[in-house]
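Student: This structure is in structure tokens; I'll ask about it shortly.
The values are calculated or read from the model by the stated rules, or taken from the named source; none is laboratory data. What you see is a predicted model, and the numbers here were worked out from it, not measured in a lab. Cβ placement follows ideal geometry from the backbone for every residue including glycine, while neighbour counts extend to all protein chains displayed. These accessible areas exclude ligands, DNA and RNA; they are computed on the full protein's heavy atoms, side chains included. Shrake-Rupley method; radii C 1.70, N 1.55, O 1.52, S 1.80 Å.
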Amino acid sequence: MLKMTHVTTHYGPIRALNDVTIEVAENEIVCLLGGNASGKSTTMKTILGIVKTTSGQVEFMGKRIDGLPTYTIVRRGISPVPEARRIFARLSVKENLEMGAFIHRRDPGYDIEAEMEEVFKLFPQLRERLQQDGITLSGGEQQMLAISRALMAKPRMIVMDEPSMGLSPKLVGEVFEIIQKVSKIGIPIFVVEQNLKKALSIADRGYILNKGQIVMEDSAKNLLQNENVIKTYLGEE
Amino acid sequence: MFWQQFITWINLGAMYALLAIGYTMVYGIIKLINFAHGEIFMCGAFFTWWFMTAASLPLPLSALIGILFATLLGVGVERIAYRPLRNAPRFAVVISVLGMSIFLQNMARIIWGAESQVFDVDFGISPIFIGSVIVPFKKIFILLTSLVLMIALALFIKKTYLGKAMRATSADREAAEMMGINVNSVITLTFAIGSAMGAIAGILYAINYNSIDPYMGFNAGMKAFAAAVLGGIGNIYGAMFGGILLGIFEGVGAAYISSMYRDAFAFAVLILVLIFRPQGLLGEGKSGEQAKAR
Amino acid sequence: MWLLSVRSLTKYFGGLSALKNFDLEVETGEIVGIIGPNGSGKTTFFNVLTGMYQADSGEVFLRDVKENILTKRTHHIITLGISRTFQNQRPFNNLSVLENLMVGGHCRTKGGIMSALLKLPGARRDRVWLKDWAHEVMSIFGDRLLSMKNNPAWNLSYANRRRLEIARALVSKPRVLLLDEPTAGMNPAESLQLVQNIQEINQRGVTVIVIEHDMNFIKRLCQRIVALDYGEKIIEGTYSEVRNHPKVIEAYLGQD
Amino acid sequence: MNKPRLDDLTGGSQITTQGPGLQKSPLVRMTEVFALSRWYTKLIIIFACLLIPFIVHSNYAMRVIIYICLYIVLALGLNVVMGFTGLLNIGHAAFYATGAYTSAILMTSYGIPFWLTVPIGMVVGFTFGLAIGFPTLRLRDDYLAMVTLGFGQIVYIVANNWMSLTRGPRGIPSIPPPCINFFRWHIVIDSYRAYYYLILLFVLLTVYACIRARDSRVGLAWMAIREDEDVAAVMGINLGFYKTLSFAFSAALGALAGSFFAVFQTFVSPNSFTILESVIIITIPILGGLGSIPGTIIGAIIMIGVPEIFRAASEYRMVAVGAFMVLMMIFKPEGLLGKKLYQQVYKV
């Protein structure tokens, strides 16, 4: 579905991504792992068109999307769950969900109420908080809202940037369970994560990024057992 | 006597509020002050006057055309003075928009002359007595129009998809874009609504004072900005509240302290608020992000 | 003998704790590394230490300074001998390299507007001294900064801007030098060279605290390492102690 | 003797270290030779300026040249705040007015000689600068622009309404010309040539002050604040002190120009100090290049000189000024002589 081929990205003179090739197939959870400042967020931003590529291309459903503005990419069917959740603080939970459905506002076949009911099946807590401002939710609830907001767009694919960031270990576990549930609906998910073990425990495949380059690519099971993976995180013994 | 004056103050305040909304909406979305907003206010009044006198159209029609023209002008200001400078330092944008304001003011002076023009509107309805207070009909008209517009805007912001998208964009532009919102069109829409409000304020102002001149935008704009800051810039309800409060401040100051310094009160309020409570009366402190301590 | 002593430092950001009861004692002449995943409070620690953020509670003491240095204003802290670099590179872009360094020496010179206008000898002597001193500091990095000294800072390569920031911090004659991710964006050869530079600086008596995520860099440079997670210190010790500690592995890799 | 050495990196045991190094490095010596040679070029320029009244005979042309010089003083003063410290000030005319009114009132009502009113005016301006500098501790860019705009307007309104002091819109007429009494010499400055030499003296003083300030420790601190306020504070620069100082310094230079304006016009009224006046002053350093002293001088020559040449189009002058500000910011924000600026912000 999503295919990044030989993508290189620069922030000014600094090369942030170097010849990155990533592929996400249908019904897959793929995770991109790496330590601090390895270029994970840049990868996500490149997919979403926030950062422009210097070379290489990004394809979605067989069509090139690099160079398109972010909102067009989102309208093509990639829904993001941004880093640090980015809930609209002064909008109520309901309005936040409506923003997720923004791209369908003129679509007569789209029933926002039904769609919200679908979301509440996954996250029953949100129903009680519908009229509260986004900022009043706890960190875990905000993460659920961010995921539901992405689901409201009826995406063909979801990309997540560090869903575990800033959450307590218990909540981290919950979030990853949710990701698994979402994936069961039939939506492919691309997760950018620092939390290696948790991410690999739910993912089908994984890529490991170090200093802007893909250093390893394997099935999740193999990566979990690979000793070299730890070294890219923690350095030599 | 007091109530007589009070109505005048509230009237003035309502006009400031309408104008302040434009500042606050634009600030909310691009985090910059639209220095040219006062000129939109002036142009709205002048366009209307122009169609009324030169084309002898009736007031409602010329007002409509005037508002349309002023709205286009406001959108044009964004295209020319803001958009090419989106990634430039704030410093440069401020200078560019200030230049835009000078340009519009002097263009108006060249086209319509530097002298003040008579803006004659007669509703033909006799003043209304409320107890011992005589209220001219035009004051009631101004107050009602402002109120209706403010309520309509509040509903638009609160209830419609576009209004919510505007709030979302002003809260977090990048996240809004990730929701599939075309931020550029939201910005254009914001300028358009703000400018339309400003133009209507200009027309009401002209109806109230029966006279317009190319320099009227500067003072009114500064005061409306003071009102927006007083209420908490970026907050639309704050702008409405701040506008009416400023109208009362100014009236009380002029009536009981010194009428000669009437204009200075608004500026003094502006400076004091910015120094001591930059987030404004209704602000939450977030809008004071660039007002740093230390 | 401790030089810098941090006692139960706490900093909240809107209810979330970025630093929680953080304790640290740094000996004179040490190189201490601080590691931890993103958002673990490393940079917050530096920001609180240099007065950019106000701490919620806790104290920091520096040898020979009687009061808690957190009560000092930002611009005063460098005078006491704590100087830093920035994670996201913040040289004064439109100033030349030499001028950047001279700003670093601001707190070690005197002279107000009057002495400038009247060309008083004191201020001039200070300025001459400062220029010489800046040249000396630049020579730590060999010819890399010296050859560029009249170029504006934005003209520099990425690695040179990092060096410029370190040099700018050194001109203030710091006792404690705080380096925030000095190797970000550098290639392996450059970061190897930086290890030598920092060691040289350290041998001249500057105590160094360095935040870094490149573990190989930390391994070569630091005698002692502190690991942070969720704003709390999880362990401190030598490289191999920290590297193999289960809590550190968990912080980086997540739980099973 | 005490050449700084790297062994002394931490400053030994002292916390504050003073650098007494007297020995000059070859480089410092070279720059001094260079500066000395610059003195000759400077002398030639000054000499050429002194000769101008002997070459230009038309009174009108002299008047334009005097105005250009007046605006050089104003713009260089503003350049301190805008170019060096990077703070917007859209109320410079307020300081200009302060100087003009101080001189006018003291000379007409109290008979104080001009030469004494100049320093008094500068002190008053300096004080006003301190007052307006206070908000700058908390505000930047557009907010600061609005506050300075409001401040300028308040000064204008006060000048217009404080009848007992300023005579309001009627202004203060018949300000006596300054005169020099030196033993038996008694020179009255009332010809264009004399006024020219007076303003030339002010220009030279201003240029000197600006160069000295820029090349000093204070100037460096100002520029560091312009580049990055937070980092400047961490590097030991007292933001409040230096920002306020920059406003006060700029205001004193504005007041200097005002004093000259009062005696040159022999009449001051609030209409000379409107917002438009401030805007015209702002455009000068923008055109020349913010922070550049020669740029500002050339900017003044163009901004004041060119409209005088096209007098027929004076109607359109302010329109052109406005359009110019927009276009300049879009296409050449660094100005004619400014250095190429770093604008791109890289975030990692």
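Student: Exactly one condition in (1) outside any loop (DSSP other than H, G, I, E, B); (2) touching a Phe, Trp or Tyr at 6+ places or on another chain (Cβ under 6 Å) is not met by C:Leu145; state its number.
Tutor: Evaluating C:Leu145 over (1) outside any loop (DSSP other than H, G, I, E, B); (2) touching a Phe, Trp or Tyr at 6+ places or on another chain (Cβ under 6 Å) leaves (2) as the failure.
Student: Follow-up. Which members of region D:150-175 meet the condition of being over 30 Å from B:Ile275 (Cβ atoms) and touching a Phe, Trp or Tyr at 6+ places or on another chain (Cβ under 8 Å)?
Tutor: Residues satisfying the conditions are D:Gly171, D:Ile172, D:Pro173, D:Ser174, D:Ile175.
Student: When region A:140-154 is examined, which residues are found to be closer than 15 Å to A:Ile185 by Cα, buried (at least 22 other Cβ atoms within 10 Å of the Cβ) and not aliphatic (A, V, I, L, M)? I'd like the intermediate steps shown before the answer.
Tutor: Within region A:140-154, the first condition is being closer than 15 Å to A:Ile185 by Cα, and the residues that meet it are A:147-148, A:150-154.
After this cut, where a residue has to be buried (at least 22 other Cβ atoms within 10 Å of the Cβ) as well, the list is A:147-148, A:150-153.
Selection gives A:Ser148 alone.
Student: If you check D:Thr117, D:Thr98, which single one turns out to be in contact with a Leu (Cβ under 6 Å, 6 or more places away or on another chain) and touching a residue at least 60 places away in the same chain (Cβ under 8 Å)?
Tutor: Values: D:Thr98 fails: in contact with a Leu (Cβ under 6 Å, 6 or more places away or on another chain).
After ruling out the rest, the residue left standing is D:Thr117.
Student: When you check B:Tyr209 against the structure, is it more than 14 Å from chain A (Cβ to nearest Cβ), farther than 20 Å from B:Leu143 by Cα and surrounded by fewer than 20 Cβ atoms within 10 Å (Cβ to Cβ), yes or no?
Tutor: Details: more than 14 Å from chain A (Cβ to nearest Cβ): yes; farther than 20 Å from B:Leu143 by Cα: no; surrounded by fewer than 20 Cβ atoms within 10 Å (Cβ to Cβ): yes.
No; evaluated as a whole, the condition is false for this residue.
Student: Something else about it: Output the number of the condition that A:Met1 fails; it satisfies all remaining conditions of (1) in contact with a helix residue (DSSP H, G or I) (Cβ under 9 Å, 6 or more places away or on another chain); (2) surrounded by 15 or more Cβ atoms within 10 Å (Cβ to Cβ); (3) over 24 Å from C:Glu212 (Cα atoms).
Tutor: The failed condition is (1).
Student: Right, another one. Looking only at strands (runs of 3 or more DSSP E) that fall completely inside region C:177-242, which ones have 1 or more residues that are of a type in the set (Asp, Glu) and in contact (Cβ under 8 Å) with a residue 12 or more places away in the chain? Break it down stepwise before answering.
Tutor: Details: elements: C:207-211, C:224-229, C:232-237.
Of the strands (runs of 3 or more DSSP E) lying wholly inside region C:177-242, those with at least 1 residues that are of a type in the set (Asp, Glu) and in contact (Cβ under 8 Å) with a residue 12 or more places away in the chain span C:224-229, C:232-237.
Student: Starting from region C:127-139, keep only residues that are over 13 Å from C:Glu99 (Cα atoms) and more than 7 Å from chain D (Cβ to nearest Cβ), then list their pairs with residues that are assigned to a helix (DSSP H, G or I) and open to solvent by 30 Å² or more (accessible area, probe 1.4 Å) whose Cβ atoms are within a distance under 7 Å, requiring at least 6 positions of separation or different chains.
Tutor: Going by the 7 Å Cβ cut-off, the qualifying pairs are C:Ser139/C:Leu146.
Student: Test B:Ser132 against the criterion of being open to solvent by 70 Å² or more (accessible area, probe 1.4 Å), more than 30 Å from A:Thr72 (Cβ to Cβ), hydroxyl-bearing (Ser, Thr, Tyr) and away from chain A (no Cβ under 14 Å), and give yes or no. Spell out the reasoning first.
Tutor: Details: open to solvent by 70 Å² or more (accessible area, probe 1.4 Å): yes; more than 30 Å from A:Thr72 (Cβ to Cβ): yes; hydroxyl-bearing (Ser, Thr, Tyr): yes; away from chain A (no Cβ under 14 Å): yes.
Judged against the criteria, B:Ser132 is a match.
Student: Give me the residue from region C:212-241 that is in contact with a Leu (Cβ under 9 Å, 6 or more places away or on another chain), surrounded by 22 or more Cβ atoms within 10 Å (Cβ to Cβ) and under 15 Å from C:Gln193 (Cα atoms) and, out of that set, farthest from the other protein chains (Cβ to nearest Cβ).
Tutor: Ranking the qualifying residues of region C:212-241, first place goes to C:Leu221.
Student: Here is a follow-up. Step by step: first the residues of region C:72-108, then only those that are open to solvent by less than 10 Å² (accessible area, probe 1.4 Å) and assigned to a loop (DSSP other than H, G, I, E, B), then the one that is nearest to the other protein chains (Cβ to nearest Cβ). Which residue is that?
Tutor: C:Phe92
Student: Suppose we filter region A:182-218 for residues that are open to solvent by 40 Å² or more (accessible area, probe 1.4 Å) and either within 16 Å of the chain's Cα centre (by Cα) or more than 29 Å from C:Asn187 (Cα to Cα) (or both); how many remain?
Tutor: Total satisfying the criteria: 5.
Student: Looking at D:Gly240, is it more than 22 Å from C:Lys131 (Cβ to Cβ), more than 7 Å from chain C (Cβ to nearest Cβ) and in contact (Cβ under 8 Å) with a residue 60 or more places away in the chain? Even if it seems obvious, please write down each step before you answer.
Tutor: Numbers: more than 22 Å from C:Lys131 (Cβ to Cβ): yes; more than 7 Å from chain C (Cβ to nearest Cβ): yes; in contact (Cβ under 8 Å) with a residue 60 or more places away in the chain: yes.
Taking the combined requirement at face value, the residue satisfies it.
Student: Right, next: Please specify each residue of region B:83-105 satisfying the condition of being free of Cβ contacts under 8 Å to residues at least 60 places away in the same chain and open to solvent by less than 20 Å² (accessible area, probe 1.4 Å).
Tutor: Once the filter is applied, which keeps residues that are free of Cβ contacts under 8 Å to residues at least 60 places away in the same chain and open to solvent by less than 20 Å² (accessible area, probe 1.4 Å), region B:83-105 yields B:Leu85, B:Ala92, B:Ile95, B:Ser96, B:Gly99, B:Ile102.
Student: Looking at C:Asn160, C:Asn155, C:Asn150 in this structure, which one is over 27 Å from C:Val26 (Cβ atoms), within 17 Å of the chain's Cα centre (by Cα) and open to solvent by 10 Å² or more (accessible area, probe 1.4 Å)?
Tutor: On the way: C:Asn155 fails: within 17 Å of the chain's Cα centre (by Cα); C:Asn150 fails: within 17 Å of the chain's Cα centre (by Cα).
The unique qualifying residue is C:Asn160.
Student: Please state which of the following conditions C:Arg124 fails to meet, knowing it meets all the rest: (1) at the interface with chain D (Cβ under 10 Å from one of its Cβ atoms); (2) open to solvent by 20 Å² or more (accessible area, probe 1.4 Å); (3) part of a strand (DSSP E or B).
Tutor: (3)
Student: Shifting gears a bit: Taking the stated definitions as given, is B:Gly28 of a type in the set (Gly, Ala, Ser), farther than 22 Å from B:Trp112 by Cβ, modelled with pLDDT under 90 and not in a loop (DSSP other than H, G, I, E, B)?
Tutor: Details: of a type in the set (Gly, Ala, Ser): yes; farther than 22 Å from B:Trp112 by Cβ: yes; modelled with pLDDT under 90: yes; not in a loop (DSSP other than H, G, I, E, B): yes.
Yes: the conditions hold for B:Gly28.
Student: From the list B:Ser170, B:Ser185, exactly one residue is within 14 Å of chain A (Cβ to nearest Cβ) and crowded, with 21+ Cβ neighbours inside 10 Å. Which is it? Step through it out loud before you land on a result.
Tutor: Numbers: B:Ser185 fails: crowded, with 21+ Cβ neighbours inside 10 Å.
That would be B:Ser170, the only listed residue that is within 14 Å of chain A (Cβ to nearest Cβ) and crowded, with 21+ Cβ neighbours inside 10 Å.
Student: From the list B:Phe51, B:Phe6, which one is surrounded by fewer than 24 Cβ atoms within 10 Å (Cβ to Cβ), part of a helix (DSSP H, G or I) and modelled with pLDDT under 90?
Tutor: It is B:Phe6.
Student: Counting only residues that are open to solvent by 50 Å² or more (accessible area, probe 1.4 Å) and free of Cβ contacts under 8 Å to residues at least 12 places away in the same chain, which one in region D:196-225 is farthest from the other protein chains (Cβ to nearest Cβ)?
Tutor: So in region D:196-225, the residues open to solvent by 50 Å² or more (accessible area, probe 1.4 Å) come out as D:197, D:201, D:204-205, D:208, D:212, D:214-215, D:217.
Next, only the ones that are free of Cβ contacts under 8 Å to residues at least 12 places away in the same chain stay: D:201, D:208, D:212, D:215, D:217.
Numbers: D:Leu201: 16, D:Tyr208: 8, D:Arg212: 5, D:Asp215: 8, D:Arg217: 5 Å.
In this case the residue turns out to be D:Leu201.
Student: Which residue, of D:Phe95, D:Phe114, D:Phe151, is open to solvent by 10 Å² or more (accessible area, probe 1.4 Å) and not aliphatic (A, V, I, L, M)?
Tutor: Details: D:Phe95 fails: open to solvent by 10 Å² or more (accessible area, probe 1.4 Å); D:Phe114 fails: open to solvent by 10 Å² or more (accessible area, probe 1.4 Å).
Of the residues listed, the single one that is open to solvent by 10 Å² or more (accessible area, probe 1.4 Å) and not aliphatic (A, V, I, L, M) is D:Phe151.
Student: Tell me yes or no: at least one residue of region B:139-157 is assigned to a helix (DSSP H, G or I), within 14 Å of chain A (Cβ to nearest Cβ), open to solvent by 10 Å² or more (accessible area, probe 1.4 Å) and among the β-branched types (Val, Ile, Thr).
Tutor: yes
Student: Is it true that some residue in region A:42-52 is surrounded by fewer than 18 Cβ atoms within 10 Å (Cβ to Cβ), at the interface with chain B (Cβ under 9 Å from one of its Cβ atoms) and over 24 Å from A:Ile179 (Cβ atoms)? Break it down into steps so the answer makes sense when it comes.
Tutor: Within region A:42-52, the subset surrounded by fewer than 18 Cβ atoms within 10 Å (Cβ to Cβ) is A:52.
If we keep only those that are at the interface with chain B (Cβ under 9 Å from one of its Cβ atoms) too, we end up with none.
No, region A:42-52 contains no residue that is surrounded by fewer than 18 Cβ atoms within 10 Å (Cβ to Cβ), at the interface with chain B (Cβ under 9 Å from one of its Cβ atoms) and over 24 Å from A:Ile179 (Cβ atoms).
Student: Also, quick follow-up: Would region D:136-146 turn up any residue that is under 16 Å from the mean Cα position of the chain (by Cα) and farther than 22 Å from B:Asp263 by Cα?
Tutor: Quick first cut of region D:136-146, residues under 16 Å from the mean Cα position of the chain (by Cα) only: none.
Among the residues of region D:136-146, not one is under 16 Å from the mean Cα position of the chain (by Cα) and farther than 22 Å from B:Asp263 by Cα, which makes the answer no.
Student: Then there is this: When you go through D:Leu87, D:Leu106, D:Leu137 one by one, which is the residue that is under 24 Å from C:Ile113 (Cβ atoms) and open to solvent by 10 Å² or more (accessible area, probe 1.4 Å)? Show your work before the answer.
Tutor: Details: D:Leu87 fails: open to solvent by 10 Å² or more (accessible area, probe 1.4 Å); D:Leu106 fails: under 24 Å from C:Ile113 (Cβ atoms).
Among D:Leu87, D:Leu106, D:Leu137, only D:Leu137 is under 24 Å from C:Ile113 (Cβ atoms) and open to solvent by 10 Å² or more (accessible area, probe 1.4 Å).
Student: With (1) within 13 Å of chain D (Cβ to nearest Cβ); (2) assigned to a helix (DSSP H, G or I) as the list, and B:Ala114 as the residue in question, which single condition is left unmet?
Tutor: With (1) within 13 Å of chain D (Cβ to nearest Cβ); (2) assigned to a helix (DSSP H, G or I) applied to B:Ala114, the lone miss is (2).
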